[in-house]
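As structure tokens, the structure follows; a few thoughts come after it.
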Amino acid sequence: MSLSDSTSSPLPRPVSKPWGCELSGDRRSYTFRVAQDGHDEQQQLVLYTLCLGPEARDEFHTVELTTWDGDRRDWLPIATLKPSVLPTIVLNGMEVTPPVTFRLRTGSGPAYVSGMRVPMFELSSEEEDEEEEEEETPERPRRDSRAPQNGAAKGRGASRGRKAAPKN
């Protein structure tokens with residue numbers, strides 16, 4: 001039996017790939033689209049950091065993004081950075097669905113956006129059923145072995161090796 005036999009999974013595992021773009025005075029916007037190379041694959045873009053380059057001027061640099069919702073495009077500012085105050089921000093895995101456009105609204109940059117491209121696979125009905133079963137099975141709370149088994153509560157301080165207070 002080989003190592004690959006013991007660790008193989010019946011489901012294909014999505015392979016995440018690093019992604020990043022630079023926004024600057026020369027290139028104020030960048031649009032991320034899913035490659036149309038014959039694969040019918042959906043992807044998510046998971047954003048992790050947005051930072052200014054070391055050559056960024058000490059001014060405010062605002063980065064915003066937009067996704068398309070039919071004919072409507074709303075710009076959402078995601079960070080305003082300044083090298084002397086806040087040169088980097090962590091986006092905590094902010095997920096966006098392509099196509100998405102990033103724009104350097106103010107400042108001259110460079111500003112760097114980084115994250116991961118994560119392929120999304122559609123689950124078959126069997127896989128969905130298995131996931132639902134896992135979600136529906138609640139975990140039982142563990143019984144504390146130190147707790148009294150007969151339901152009687154100990155007196156105040158008795159659990160710390162002290163004598164019970166005398167009753168008046």
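Taken over the stretch 43-77, the criterion of being part of a strand (DSSP E or B), touching a strand residue (DSSP E or B) at 6+ places or on another chain (Cβ under 7 Å) and more than 22 Å from N92 (Cβ to Cβ) is satisfied by R73 alone.
Cβ-Cβ contacts under 9 Å between residues 6 or more apart (or on different chains), taken from a first residue in the stretch 73-84 that is surrounded by 11 or more Cβ atoms within 10 Å (Cβ to Cβ) to a second residue that is charged (D, E, K, R) and part of a loop (DSSP other than H, G, I, E, B), are listed as K82/D58; K82/E59; P83/R57; P83/D58; P83/E59.
Answer with yes or no whether A164 is aliphatic (A, V, I, L, M) and at pLDDT below 60. It is false that A164 is aliphatic (A, V, I, L, M) and at pLDDT below 60. Screening L104, L76, L91 for residues that are within 24 Å of the chain's Cα centre (by Cα) and within 18 Å of V118 (Cβ to Cβ) leaves exactly one candidate, L91. Filtering the stretch 82-104 for residues that are at pLDDT 90 or above, in contact with a Leu (Cβ under 9 Å, 6 or more places away or on another chain), more than 26 Å from V15 (Cα to Cα) and polar (S, T, N, Q) leaves a non-empty set. Just checking, does the stretch 78-85 include any residue being touching a His at 6+ places or on another chain (Cβ under 6 Å) and in a strand (DSSP E or B)? Yes, the stretch 78-85 contains a residue that is touching a His at 6+ places or on another chain (Cβ under 6 Å) and in a strand (DSSP E or B).
The values are calculated or read from the model by the stated rules, or taken from the named source; none is laboratory data. Owing to the predicted nature of the structure, the values given are computational and were not obtained by experimental measurement. Please note: Cβ atoms are built from the backbone with ideal geometry, for glycine as well, and neighbour counts cover all protein chains shown.
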